[in-house]
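Working notes for the structure below.
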Amino acid sequence: MSERDSVDVAVIGGGAAGLMCAMTAGARGRSVVVLDHADRLGKKILISGGGRCNFTNRDAGPQHYRSQNPHFCRSALARYAPADFLALVERHRIAWHEKTLGQLFCDGSAKEIVALLLAECAAAGVMIRTGALIAGVERIAGSSRRFAIDLGGSVVEATSLVLATGGLSIPTIGASDLGYRLARQFGLAMVATDPALVPFILRADGGYSALSGIAVPARVACNGESFDEALLFTHAGLSGPVILQISSCWNHGDEVAIDLLPSADGAQILIAAKRGGSPATIARVLHDHLPKRLVQHWAGPHDLERPVARATDQDLARAARAFHAWTLVPSGTEGYRKAEVTRGGIDTAGLSSKTMEARAVPGLYCVGEIVDVTGWLGGYNFQWAWASGHSAGEVA
Ligand SMILES: Cc1cc2nc3c(=O)[nH]c(=O)nc-3n(C[C@H](O)[C@H](O)[C@H](O)COP(=O)(O)OP(=O)(O)OC[C@H]3O[C@@H](n4cnc5c(N)ncnc54)[C@H](O)[C@@H]3O)c2cc1C
């Protein structure tokens, strides 16, 4: 591109949503450029799903997303469904499998998803500029519908401008707040941002770091929501899918309720052992249902070294409750350094749910994680990136 170039569509951010938007607009015959400050595109896709990219969820629907307006995502998700992205994956002969709970992963590598997007962009004639440092964006004076993007030395003019810079998580691979700043500059309202899908930190004096490495199925509840998946004790606190899920509805100071024995009735197990004449202690009986190290950690404070035979039924019910109703207030989260996504972002009230266009700024579109739509763990965030990117790409 030369000193001053003109395109129909400029997309800032070549991640999941930006590339989907670019290839869709390009396929309509629009001239499109993707501008990204990173040295290569789709870096977050490359590290996603443990390197295998959980690229969608078969069951993705509006109920799997959080937003100040929970209905906002409905239209885009309906018009670009998980089956649409799956058809694209199959057209590119990428082998995939369903892992669990509708989560679809590449058999091989997340690189295949990036290659798919780049191939579609190339086929649609999309221009790509990596290493693009954006110094500023302005509306061109006298024109109601053109934007000038200053790249410090060259300028790109565009009829449509798409903000697709994602969230703030994992700054080491290129996350930045540029998109939020530009949205504010154009008068769009913001919903406060926070790390989400992120591990919890627990107070060191609980001694839970001694449990590091233990994984158990758990039911975790907070603020009226609840998830059943694996919980992992870490050095700093708690992680695992169930914790990442609940972290998205947790605010500083909120209590979290954890059932460490969700698929059994601990009181019934202990009372049955007592009735059956077991000589074992409460802890010993529970070892058959929970990791030994975990039971030992609870044993002192909850008096679990007594034989079941010498405990009342109420004592046994109380001992079981210690595992069924463990409550705690995390001291914090591991922050954007470890968060998979950012919740909050550009307020959907200012956007069209059909096109992602800013109501007050014709020609300005916002797609992907930058918008206040946050998916559950399990392929939902990519599905939002594909669906919102596609919606904008059809009209930008
Ligand atoms: C470790 C990890 C694993 C994940 N695994 C999954 C998963 O398996 N399934 C799933 O659904 N979701 C997963 N996610 C979430 C998913 O990656 C994001 O929700 C998704 O990538 C958002 O797409 P996006 O296009 O909005 O933003 P991104 O994919 O983050 O793309 C934003 C782009 O904007 C560029 N950019 C940023 N700032 C600037 C700037 N100043 N100038 C120019 N360009 C800029 C970036 O370089 C980047 O290329 C994971 C996230 C992480 C961190």
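The values are calculated or read from the model by the stated rules, or taken from the named source; none is laboratory data. Nothing here was measured: the structure is a model prediction, and the numbers come from that model. Here Cβ is always computed from backbone atoms with ideal geometry, including for glycine, and neighbour counts include all displayed protein chains.
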In the list 378, 344, 350, 363, which residue meets the criterion of being farther than 16 Å from residue 162 by Cα, touching a residue at least 24 places away in the same chain (Cβ under 8 Å) and more than 11 Å from the ligand (Cβ to nearest atom)? 344
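Do we find a residue being surrounded by fewer than 16 Cβ atoms within 10 Å (Cβ to Cβ), more than 20 Å from residue 160 (Cβ to Cβ) and either at pLDDT 95 or above or more than 7 Å from the ligand (Cβ to nearest atom) (or both) anywhere in segment 28-39?
Yes.
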Output for segment 94-146, where each listed residue is away from the ligand (no atom under 13 Å from the Cβ), without any contact (Cβ under 8 Å) to a residue 60 or more places away in the chain, farther than 21 Å from residue 33 by Cα and in contact with a helix residue (DSSP H, G or I) (Cβ under 9 Å, 6 or more places away or on another chain): 94, 95, 112
Looking at 160, 209, can you tell me which residue is outside the structural domain of residue 67 (by TED's automatic domain parsing), among the polar types (S, T, N, Q) and either buried (at least 20 other Cβ atoms within 10 Å of the Cβ) or modelled with pLDDT under 95 (or both)? 209
Between a first residue in segment 14-31 that is under 18 Å from residue 86 (Cβ atoms) and a second residue that is of a type in the set (Ser, Thr, Tyr), which pairs have beta carbons less than 6 Å apart while being 6 or more apart in sequence or on different chains? 17/388
Among the residues of segment 246-265, which ones are closer than 13 Å to residue 333 by Cβ and of a type in the set (S, T, N, Q)? 247, 248, 251
Output for Cβ contacts, cut-off 6 Å, separation at least six or different chains, first residue part of a loop (DSSP other than H, G, I, E, B) in segment 48-65, second more than 9 Å from the ligand (Cβ to nearest atom), reads 52/106; 53/106; 53/113; 58/82; 58/102; 59/102; 60/82
Mind checking which residues of segment 147-182 are under 20 Å from residue 24 (Cα atoms), among the aliphatic types (A, V, I, L, M) and near the ligand (Cβ under 10 Å from one of its atoms)? 163, 164
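Mind checking whether some residue in segment 12-22 is out of contact with any Cys (no Cβ under 7 Å at 6 or more places or on another chain) and surrounded by fewer than 22 Cβ atoms within 10 Å (Cβ to Cβ)?
Within segment 12-22 (the criterion being out of contact with any Cys (no Cβ under 7 Å at 6 or more places or on another chain) and surrounded by fewer than 22 Cβ atoms within 10 Å (Cβ to Cβ)), the answer is no, since none of the residues qualifies.
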Suppose we keep only residues that are among the aliphatic types (A, V, I, L, M) and surrounded by fewer than 20 Cβ atoms within 10 Å (Cβ to Cβ) within segment 300-321. Which one would you say is nearest to the chain's Cα centre (by Cα)? 317
Would you pick out the residues in segment 163-221 that are at positive phi and not β-branched (Val, Ile, Thr)? 166, 174, 187, 197, 207, 213
Among the residues that make up segment 138-153, is at least one of them hydroxyl-bearing (Ser, Thr, Tyr), closer than 28 Å to residue 360 by Cα and not in a strand (DSSP E or B)? yes
If a residue has to be of a type in the set (Gly, Ala, Ser), assigned to a loop (DSSP other than H, G, I, E, B) and surrounded by 15 or more Cβ atoms within 10 Å (Cβ to Cβ) to count, how many in segment 265-299 make the cut? 2
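Pick from segment 77-93 the residues that are exposed (fewer than 13 other Cβ atoms within 10 Å of the Cβ) and not in a loop (DSSP other than H, G, I, E, B): which of them is farthest from the ligand (Cβ to nearest atom)?
91
Which of the residues spanning segment 99-119 are in contact with a Lys or Arg (Cβ under 7 Å, 6 or more places away or on another chain) and either part of a helix (DSSP H, G or I) or within 14 Å of residue 82 (Cα to Cα) (or both)?
Across segment 99-119, the qualifying residues are 102, 104, 105.
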Residues 176, 212, 169: which one is hydroxyl-bearing (Ser, Thr, Tyr) and free of Cβ contacts under 8 Å to residues at least 24 places away in the same chain? 212
